[in-house]
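Data block below; observations after.
Rule-based calculations on the coordinates, nothing more; no lab input. All of these numbers come straight from a predicted model, not from anything done at the bench. Please note: Cβ atoms are built from the backbone with ideal geometry, for glycine as well, and neighbour counts cover all protein chains shown.
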Amino acid sequence: MDRVDVVIVGAGPGGLAAAIRAGELGLSFVVLEKGSRVLQGILDTYPRGKKVYPTVPKGEEQPFGITELQPANEPVEDYFARVETCVKERGLQIQYGHEFQGFVREKGGFAVDAGKTRYSASAVILAFGSNIPIDLGVYGEAKMVARNLGNPEEHIGAPTLVLGGGNAAADVVSTLSKTKRDVGDSTPVYWGHRREHFKVDKDVARDLGEEILLGGNIKILQGTVPRIGEVDEEGVERLIIQTQSITLPHGVEMQQGMSFPMKHVIACIGTQGPSIIFDRLGLQQITCTEGVCKIGREGAKLVMLNSCFQTSVKGVYAIGGAISPAYLLVEEEGALREKKHSNLIFKAVQDGVHAAEDIAGRLSRA
Ligand SMILES: Cc1cc2nc3c(=O)[nH]c(=O)nc-3n(C[C@H](O)[C@H](O)[C@H](O)COP(=O)(O)OP(=O)(O)OC[C@H]3O[C@@H](n4cnc5c(N)ncnc54)[C@H](O)[C@@H]3O)c2cc1C
């Protein structure tokens, strides 16, 4: 079993930042990546050609923790190529096709199970992102509904529905609209969200605005609720959404809706975070209750972390997308505070740097 100071799980921006900083501080490390490339999580979820923005959350002004990982408003393919070059030039040790399974405690740290192999490490950084999609919550089956935009060309010639009110949905709407516009296809892209207000960052909104001004056929459906997944008489799997509901006297409701073939529906309604994995690893979490949590949804589990992203298991850190949109900060005096954590590359990179620095500090004191 190979011995390293730190096992880093995931070669996304968070894991790579941790690896780069760990290397700079003289720590030995290995990065486990279940995919076959760096930034696999990003490549799997971003629409093709999507621009990657260096968005910095409100109130934070520090420079990007690692300059080479800072996106430059560039297509995701260019960002990937730059990061891949940086990884090669720095000679980072990444084990592709190695999926982290768990760890057991052993003397001086952890025995980490990476499927094909095992590592012995003093510390573990969990940087595996947040990739468990939230359930669509409809009556009936909706398994055919995609969770990200694979090939935009597959939607040419068919009205397409994008669900979700955030950046990911907005990106998919712009990309789809542009793909259709480029080939003179006038079928609309419907953009549906449960709420009245959409919540997108400035950069994303700018791209969307540009797309609309350039003639993109985007139709916004506020207050849209996905209702039923069913197979129609022609055998097509369809998703029915409710677009309007009017209350009539005597408890009668009149509902208006639309129905789309599921193969033309993309639901970007977010991810629920890896609380099941945290539970399995024995990391302490607290369930949000209404009125107490302001960021986490009721019932969501928030992992407990100290200010350096160390979990309740000493030596195990959780960073980046895996702890978004919120975690519970354990303050020095033991008080707990719900802390917002934007799911942005900037934050993942910053967390990775902090975690690596904390581990280096702990090991030099040991
Ligand atoms: C559509 C979309 C658009 C976005 N646009 C932007 C943007 O423009 N700018 C911005 O700042 N942010 C953007 N984000 C958010 C940004 O991508 C995330 O904040 C960032 O990727 C989080 O980095 P991470 O390293 O924590 O996780 P990830 O990037 O998800 O990386 C996690 C890695 O861990 C690997 N992994 C998972 N499980 C295991 C396992 N068990 N064993 C080994 N490896 C594993 C995955 O394959 C993946 O490569 C966007 C997100 C989406 C979905």
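Between Glu333 and Arg105, what is the spin-label point distance in nm, taking each point 7 Å from the Cα along the Cα→C-beta axis?
About 2.9 nm separates the two model spin labels.
With a cut-off of 13 Å, note down the residues of the stretch 144-175 whose backbone N falls inside the zone around a label point 7 Å from the Cα of Val231 toward its beta carbon.
144
Between the alpha-carbon centers of the stretch 140-175 and the stretch 51-124, tell me the distance in whole angstrom.
After rounding, the separation between the Cα centres reads 28 Å.
For the stretch 279-314, which trypsin sites (Lys or Arg not before Pro) pass both filters: DSSP loop (anything but H, G, I, E, B) and at most 14 other C-beta atoms within 10 Å? Kindly include the intermediate steps, with their values, before the conclusion.
On the way: sites: Arg280, Lys294, Arg297, Lys301, Lys314; in loops: Lys294, Arg297, Lys314.
Sites meeting the loop and neighbour criteria: Lys294, Arg297, Lys314.
For a test of understanding, tell me how many lysine pairs in the stretch 139-267 have Cα atoms under 17 Å apart, given they are 8 or more places apart or on different chains.
Value for the stretch 139-267: 5.
So how do Lys199, Lys107, Lys116 line up by other beta-carbon neighbours within 10 Å, fewest first?
Lys107, Lys116, Lys199
Can you give me the long-range amide H partners of Gly49? Hydrogens built in the peptide plane at 1.01 Å from N, cutoff under 5 Å, separation of 5 or more residues or another chain.
Placed amide hydrogens put Val76, Glu77 under 5 Å from Gly49.
At q = 0.08 Å⁻¹, what log₁₀ I(q)/I(0) does a Debye calculation on the Cα points of the chain give, no solvent, two decimals?
-0.45
Separation between the His250 and Thr85 pseudo-spin-labels, each 7 Å from Cα along Cα→Cβ, expressed in nm?
Taking the two extended label points, one gets 7.3 nm.
Taking loop as defined by DSSP and a crowding limit of 13 other beta carbons within 10 Å, which chymotrypsin sites (Phe, Trp or Tyr not before Pro) in the stretch 86-176 fit?
Sites meeting the loop and neighbour criteria: none at all.
Which of these, Gly229, Gly35, Gly26, has the largest mean-square fluctuation under a Gaussian network model of the chain (Cα springs below 10 Å)?
Residue with maximal mean-square fluctuation among Gly229, Gly35, Gly26: Gly26.
Quick one: which residues, 5 or more positions from Gly140 or on another chain, have an amide H under 5 Å from its amide H? H modelled 1.01 Å from N in the peptide plane, none for Pro or chain starts.
Amide H to amide H, under 5 Å and 5 or more residues apart or across chains, Gly140 pairs with Gly229.
When you count, for each residue, the other Cβ atoms within 10 Å and take the mean per peptide, how do 13-22, 148-157 rank with the highest first?
Ranked by mean Cβ neighbours within 10 Å, highest first: 13-22, 148-157.
What full-extension length gain, to one decimal in nm, is calculated for Arg48 and Arg206 as 0.36 nm per residue of separation minus the Cα-Cα distance?
55.1 nm
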